[in-house]
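Presented below is the structure to which this report refers.
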Amino acid sequence: MKIWDDIKLFFYKRALAEQLKNLKCSRKVTNLEDAKSVGVIYDSTNPDNDIIVTKFSEELRKQGKTVQLMGYVHDTKIDHKADITVFNKNNLSWYMVPKDARVDKFVSEPFDLLFAANTSKNLPLEFIARLSKAKWRVGPFDAQKTDCYDLMVNTSGKTEVNYFLQQATHFLKQIRYDSK
C-alpha cells in the first residue's frame, strides 16, 4: 500500500501545483474583530466536530459576521448535513483532490478569514486551504505546510477541534495593525 499511497501523493501534488500556478489572490493580515466574512473547513467525520464548529459559527454570527462551513466526511454515504456543506470520498479524484462544484464555490469565496480546523492530516481539506481565495488563512502548525496557512497555531500535539479554535481565536484577537 505504501507504493500506492506514494503514487496518489505524487498526482495530488502535481494537481495542486497546476492549480497554484493559476491562483490570483491577495493576502492581507486580518484580526478577528475586523473580519466580516469567515469560512471554516474541518473534518466532519466525527459528529462531535459538527457540534463544536456549529457553536463556533453561531458565536461569530452573533458578532455580525457571515460564516460558511465546509466539512469533509471520510465515507461514501453521508453527502449532506443540516447547515453544513459537506463533501465525501465520492467527491474526490482517486488521488484525493476534491472534484465538487460546492468545493469550487467555497474555494473561490474571498473570505476575510479562513479557519482550517483540520487538526490531523487531511489532503482534501489542505487542498482547499491552499487554493482558498481567503485574505487570511489560519491553520494548525506544520513545518512542511507553511504555504498552506498565513497564520499557524501550534496546538502542542492536541488534535481536538475545539482546542484549535480556542487558540486561533485567542491569537487573532491579539493582532493589532495600522489600518491606514
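When you scan segment 136-143, do you find a residue that is part of a loop (DSSP other than H, G, I, E, B) and buried (at least 19 other Cβ atoms within 10 Å of the Cβ), even just one? Yes.
To keep it simple, each residue is scored yes or no on (1) assigned to a helix (DSSP H, G or I); (2) at pLDDT 95 or above; (3) surrounded by 11 or more Cβ atoms within 10 Å (Cβ to Cβ).
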{"site": "TRP4", "(1), (2), (3)": "yes, no, no"}
{"site": "LEU9", "(1), (2), (3)": "yes, no, yes"}
{"site": "LYS24", "(1), (2), (3)": "no, no, no"}
{"site": "ASP34", "(1), (2), (3)": "no, no, yes"}
{"site": "GLY39", "(1), (2), (3)": "no, yes, yes"}
{"site": "THR45", "(1), (2), (3)": "no, no, yes"}
{"site": "GLU59", "(1), (2), (3)": "yes, yes, yes"}
{"site": "MET70", "(1), (2), (3)": "no, yes, yes"}
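Quick one: in segment 11-22, of everything that is under 18 Å from PHE106 (Cβ atoms) and among the hydrophobic types (A, V, I, L, M, F, W, C), which residue is modelled with the highest pLDDT? Walk me through it before giving the result.
Within segment 11-22, the first condition is being under 18 Å from PHE106 (Cβ atoms), and the residues that meet it are 15-16, 19-20, 22.
Adding the requirement that they be among the hydrophobic types (A, V, I, L, M, F, W, C) leaves 15-16, 20.
Numbers: ALA15: 91, LEU16: 88, LEU20: 85.
Here the answer is ALA15.
In segment 89-101, the condition of being closer than 24 Å to LYS24 by Cβ and of a type in the set (Val, Ile, Thr) is met by at least one residue. When PHE164 is tested against (1) touching a Lys or Arg at 6+ places or on another chain (Cβ under 9 Å); (2) in a loop (DSSP other than H, G, I, E, B); (3) not β-branched (Val, Ile, Thr), just one condition goes unmet, and that condition is (2).
Contact map, segment 97-119: residues that are without any contact (Cβ under 8 Å) to a residue 60 or more places away in the chain paired with residues that are of a type in the set (Gly, Ala, Ser) and part of a loop (DSSP other than H, G, I, E, B), Cβ distance under 6 Å, separation 6+ or inter-chain. Pairs shown: LYS99/SER93; VAL107/SER132.
Considering PHE115, PHE111, PHE127, the condition of being assigned to a loop (DSSP other than H, G, I, E, B), surrounded by 20 or more Cβ atoms within 10 Å (Cβ to Cβ) and within 13 Å of the chain's Cα centre (by Cα) is satisfied by PHE111 alone. Just so you know, in segment 79-108 the residues that are in a helix (DSSP H, G or I) and in contact with a Phe, Trp or Tyr (Cβ under 7 Å, 6 or more places away or on another chain) include one that is surrounded by the most Cβ atoms within 10 Å (Cβ to Cβ), and it is VAL103.
Can you say whether VAL53 is within 13 Å of ASP112 (Cβ to Cβ) and of a type outside the set (Asp, Glu), as far as the supplied structure shows? No; evaluated as a whole, the condition is false for this residue.
The values are calculated or read from the model by the stated rules, or taken from the named source; none is laboratory data. Bear in mind the structure is a predicted one, so any value in this text is a computation, not a measurement. Counting neighbours? That spans all protein chains shown, and the Cβs are built from the backbone with ideal geometry, glycine included.
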